[in-house]
Each structure stands twice: as C-alpha cells, then as structure tokens.
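See below for the structure under consideration.
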C-alpha cells in the first residue's frame, strides 16, 4: 500500500504543475496539443518515477482495523454522493469562490484561444493559492468542455487519498476501542461534515498536512542510517503542496516545520535538510511571487491596536465558547474526547499532540482578533477550521495509540 | 471489590478525573448527540428540507443561468439586474449557499459580472440579464430584442 501512497502523492502534485506549464507554454486554443502533451507528461513522469522509486504495490492481507476502515470508507463515500445528489451543482460558496470560478476561467480562456492570465482581478479572493484550480483545469481542458462532475470527482479522489494514508498506517495497529472510534470518526463523521458544507475546500489541505505528520513520524521512528530518501522527498513535496492549496497552508506548514525543527531529531539529518530546504524555498518563492502579482495580498489586515482591543474584549471569547458548546453538529465533542484521551492516557510520543493543539490555538486566536463581523465569521469559518484540526488530531491519536500499544 | 478498587484508582489521577468530567458531560448531552447521529444523513436531509419553502429555487436559478449562457455567450462582461435579498442564498445554514455574484461569475466565466439592484440603465456589456425579482422585469418583457427564459430576460448588446 506504501506504493499507492507515493504514486498518489506524486500524481496529485503533477496535475497542477503540468497544467500550469502547458497553459504557459503552448499556443492557446490548441486542444489536441494540450491533450497530447498531458498524456506524454503523465506517462513519462510515472515511468521515470516508478523506475526510480522501485515501489511495492503489494496489498498484504488486511487486519481487522483495516477491514473496518474499508467498510467505513465506503459508507463515507456514500455520504459524499448523497450530498452531491441533494445539491447537483456541487460545492458551496467556498468551493466556487476559491476553486471552480478560477479553474473555469483558466479553461475557458484556453479553449477560446485567449492568452493565459494567472490572476483575474474580479475574483472574490484573487490571492488565493491555485493548486486545486489548476488541478481541476487539467482535467477540464482534457475533457474539452466544462464538466460539472470533475470537481466532485476531485473531491472523491482526495477522500480516497486520505483513506490510503490511514489504511497504510493501520497495518501495524493493534485492535482496540480507540482505533475503532477514530476510524468511524475519520471515515464517517469527517466526510459528512466536509460534504455537507463548504468544507469541501478544506479537506485537501488537512489531508496533505496529515501526510506531513505521517512522514515526520515515519522518519523520526527510523534510525538515521535507515532513513529512506523516498520518505524525505514525500515529506518535502507534501509541505510544498500544503503551502499552495489554501491560505491556511502557511499556518499549517509553519506549525509542522516548527514541530519538526524543535521537537524532533530530524533537524540534524543532513540528507533531509538537503532536500527539504530547497523544496520549501522554491515553494515560498512561488507563493511570494503569486501574492505580489495579486491585487489583494491577504484576506484581512489587522492593526496592533485592534489586536490589543480584541484580545481584551471578553465578549469575543463568549461568542466562540457558545458556538463551540451549542453548534457541535456532527463532531459530537469528539475533539475534546480524543484530545483528553491522548493527553491523559498516552505517554510515548505525546509531543505529537502539539500539532493539532497549535492549529486549534492559532485558529482560535484568528477568530478572536478578526476584523470581520466576529459572529458571522465564527458561524461561517470556525466549523471548517475545526475540521482541519480534527483530521490531524485523529491521525495523531492513531499514532499515539500505536506507540503506546506496541 | 476488585472492580471498585480499580474504579476508585482511576479518579486518583487528575488527568483521568478531567477525562471523566468530560465523559459525564457527553453522557448528559447524549440525547442531543443522538438526534444528530444516525450517520448524519438525517442532519443533511433536514438542512436540505429548508429549501422546501421555495423548492428548487437555487437549482432553477442555476439552470436558467446556464440556459442564458447557452443562448448567448459573452466576451468580457455581463450586467445582471435582480432584487433577490442579499441573504436569500444563505438561509440554508450548513450548505452555506452561493451568492448571485459568484454563481453568475462562474456560469459566465471568464466574463466579469456586475450585479445591480437599481433601475434599468444603458450600461455597456455583452449581455444584460433581468431576473424576475427585479421591479422592471414586466416592463422589460415588452421591450424589443429581448429573449425570455422563464425567470430571466436576456438582452444581447
């Protein structure tokens, strides 16, 4: 299954990169050339990658936890299709505001033979990263016309990718109530929440940050001499992707890098630094260039005076706490339950809890100091921000369970 | 007895006590939680049922915009006259619905979209759309060069 994980990650990265290169380099409107080069690009990349990586695509006999995850995965998949059947156009404001409008603009300008434009100034969030729009564009242009099912298929692909990460991790895990509870949450509650609201746009970023956590743990658990360079490459490109999927990626990448350098021994691994630092450097440069071109850099700015006032405004904390207590929806307090279990009953590798806690704390801080109407922002944003932290929390809880029940 | 002893030792640890407080809290709220469980399908369904006060409005709105686009494509801009309340698309709560500007921008991609609530005016754009919610809809129906698609009147410029 490890082979599938690598294969998926590399291809998910390839789609936007190939899409951007083709849009920049080939004459607009030449659909045949686009299709031909897409095919050649995909085949060449995969042949080179498979030869170099020597991946093992064997699937061993699954254990009981893995079987449960497969069943839960299909139930979650049904939830996704159920939701799309209720709202056939798929996605909500976030999905359209951030992804669909952008990918359709790229596709339409290309097919109409117009020059490629990286940013359209009338986008609702022109500075928002374009990893996902470019991925969707890649499929849409190859289809030859706008297909309403591609965004849904992309969401399903990310869900499958998330499943592969967890399925891969479950191979060494012991049976227990906690993993069962976590699997049900991961594959039933999360897809329902993400599918039932605009959080479709948040699912990919949390999936990639899960991949980062997965590889940090994998590398840290291996001795310096036995570390696989493939894992290091995977960690680096996962971090690269996190930076370019959503604006929150900068926060998530910052937290995971901080954890990597402060709390793990990976900072002294020269091989790791040789690959990680240039990849991140490239990722940051591209992000800065994109933000510089954009007419708006960030969604909101806040002055030090406003921060000071908002921090000492206790009403703002009440709004957040009330929302947390009474708008749990499907999460069913599982964040506090899982967090308490990890904090109080797990000893080994407990430091990993710092990642989801830091994510939650940063988002909590943002919702306190926000310059938008706070109640509106809490209602529209806190649920999806909480889901990002949840996805990581569940994976961390599985890691801790495995470490504490060897 | 053994069980009781084990049970009491659980509470000797402060961390464990905190956990049991949380657990108790969850048990107390279990009736609320139960309502929202059933794998969430009921929950999604109930949110969807809110649409029943105007069945299929959003889907129709979306579909009709697609018809409008199929009728006449744009080159650079579209003007949309409508008077749908700003919060109309947001009544569905969980689905966090789209707003007019984003939907129209998406359907007429990559043309820019101006949404106007004011009276009809001469504005330079490839296409002018008037939604049924706009007060001038009836007046516009009688105008020349118009094409009616149910809830929209389209003017080619």
Legend entry - strands (runs of 3 or more DSSP E) contained in the stretch B:55-157 and holding at least 1 residues at pLDDT 75 or above and surrounded by 20 or more Cβ atoms within 10 Å (Cβ to Cβ): B:77-81, B:112-116, B:127-131, B:152-156
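So which residues in the stretch A:330-340 are facing another protein chain (nearest Cβ under 8 Å), outside any loop (DSSP other than H, G, I, E, B) and crowded, with 19+ Cβ neighbours inside 10 Å, if there are any at all?
Once the filter is applied, which keeps residues that are facing another protein chain (nearest Cβ under 8 Å), outside any loop (DSSP other than H, G, I, E, B) and crowded, with 19+ Cβ neighbours inside 10 Å, the stretch A:330-340 yields A:337, A:340.
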Inset, instruction - Among the residues of the stretch A:121-138, write down those that are within 14 Å of chain B (Cβ to nearest Cβ), outside any loop (DSSP other than H, G, I, E, B) and more than 18 Å from the chain's Cα centre (by Cα). - result: A:137
Inset, instruction - Have a look at A:295, A:278 and point out the one that is surrounded by fewer than 16 Cβ atoms within 10 Å (Cβ to Cβ), at pLDDT below 90 and either within 22 Å of the chain's Cα centre (by Cα) or under 30 Å from residue A:241 (Cβ atoms) (or both). - result: A:295
Legend entry - All positions within the stretch A:369-381 that are in contact (Cβ under 8 Å) with a residue 24 or more places away in the chain and under 15 Å from residue A:251 (Cβ atoms): A:369, A:370
Inset, instruction - Residue by residue through the stretch A:341-379, note down the ones that are in a helix (DSSP H, G or I), within 14 Å of chain B (Cβ to nearest Cβ) and touching a helix residue (DSSP H, G or I) at 6+ places or on another chain (Cβ under 8 Å). - result: A:341, A:342, A:343, A:344, A:345, A:350, A:353, A:375, A:377, A:378, A:379
Inset, instruction - Look through the stretch A:164-182, keep the residues that are within 17 Å of residue A:392 (Cα to Cα) and within 14 Å of another protein chain (Cβ to nearest Cβ), and return whichever of them is nearest to the chain's Cα centre (by Cα). - result: A:181
Legend entry - Failed item in (1) surrounded by fewer than 21 Cβ atoms within 10 Å (Cβ to Cβ); (2) within 14 Å of chain B (Cβ to nearest Cβ), with residue A:21 passing the rest: (2)
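Output yes when any residue across the stretch A:161-171 is within 30 Å of residue B:107 (Cβ to Cβ) and not in a loop (DSSP other than H, G, I, E, B), and no when none is.
yes
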Legend entry - All positions within the stretch A:56-93 that are within 16 Å of residue A:146 (Cα to Cα) and either free of Cβ contacts under 8 Å to residues at least 12 places away in the same chain or surrounded by fewer than 18 Cβ atoms within 10 Å (Cβ to Cβ) (or both): A:88
Inset, instruction - Kindly indicate which of A:49, A:96, A:15 is modelled with pLDDT under 90 and either away from chain B (no Cβ under 11 Å) or surrounded by fewer than 18 Cβ atoms within 10 Å (Cβ to Cβ) (or both). - result: A:49
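Taking the criterion of being facing chain B (nearest Cβ under 9 Å) and in a loop (DSSP other than H, G, I, E, B), would at least one residue in the stretch A:146-159 satisfy it?
Yes, the stretch A:146-159 has at least one match.
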Inset, instruction - Please indicate, with yes or no, whether at least one residue in the stretch A:70-91 is more than 14 Å from chain B (Cβ to nearest Cβ) and either over 28 Å from residue B:108 (Cα atoms) or in a helix (DSSP H, G or I) (or both). - result: yes
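The values are calculated or read from the model by the stated rules, or taken from the named source; none is laboratory data. The model shown is predicted, which means the values in this text are computed figures rather than measured ones. Here the Cβ is made from the backbone with ideal geometry for all residues, glycine too, and neighbour counts use every protein chain on show.
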